[in-house]
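Down below is the structure, laid out as structure tokens.
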Amino acid sequence: MKLEPLAQAVDGDVDEINKECILPESPTKTFLGYPAPISNTTYTPNQFFDVVLPYSSRGCVRLVAYMLRRTLGWCDENGNPVEREISFSYSELQEKAGVSRDMIRSALDEAVAGRFIKCIHKLHGLMNFGPRF
């Protein structure tokens, strides 16, 4: 698969590529493909594709993918996550990960049981989770 024609077609402008993606709120736009993997990428462990994706519920997959994106999407010059622990609210997971409020708890429980994420802090009934590295 060649990605160069796509990058040339939009002058390599990632924002232009992103504007053309199919979004739930605007189904008339067309996805043009992925930009060349020279930037605008997130390291994703192979286990996400080999274990989480085929054997987990949709909510669990979305939740783990969002957490990986939030942690591994921003790394320092050595490839280490800028933040290894991030707090997530139910409303953030609902809005950004696309998990319904009623399914967040079961998706979290499934992800913890599968050892895809871990609970980092428990304080006064509030819990912080992060990917298990």
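Each reported figure results from applying straightforward, stated rules to the coordinates on display, with no laboratory input. A quick note: this is a predicted structure, and the numbers were derived from the prediction, not measured. Virtual Cβ from ideal backbone geometry, glycine too; neighbours counted across all protein chains shown.
Sorting 106, 91 from the fewest to the most surrounding beta carbons within 10 angstrom yields 91, 106.
Computed from the C-beta positions of residue 38 and residue 83 and an R0 of 22 Å, the FRET efficiency is 0.35 to the nearest 0.05.
Converting phi to 3J(HN,Hα) with the Karplus coefficients 6.51, -1.76 and 1.60 and the offset θ = phi - 60°, the stretch 102-118 yields 5, 9, 4, 4, 5, 5, 4, 4, 5, 5, 5, 4, x, 6, 7, 9, 9 Hz in sequence order, with x at every glycine or proline.
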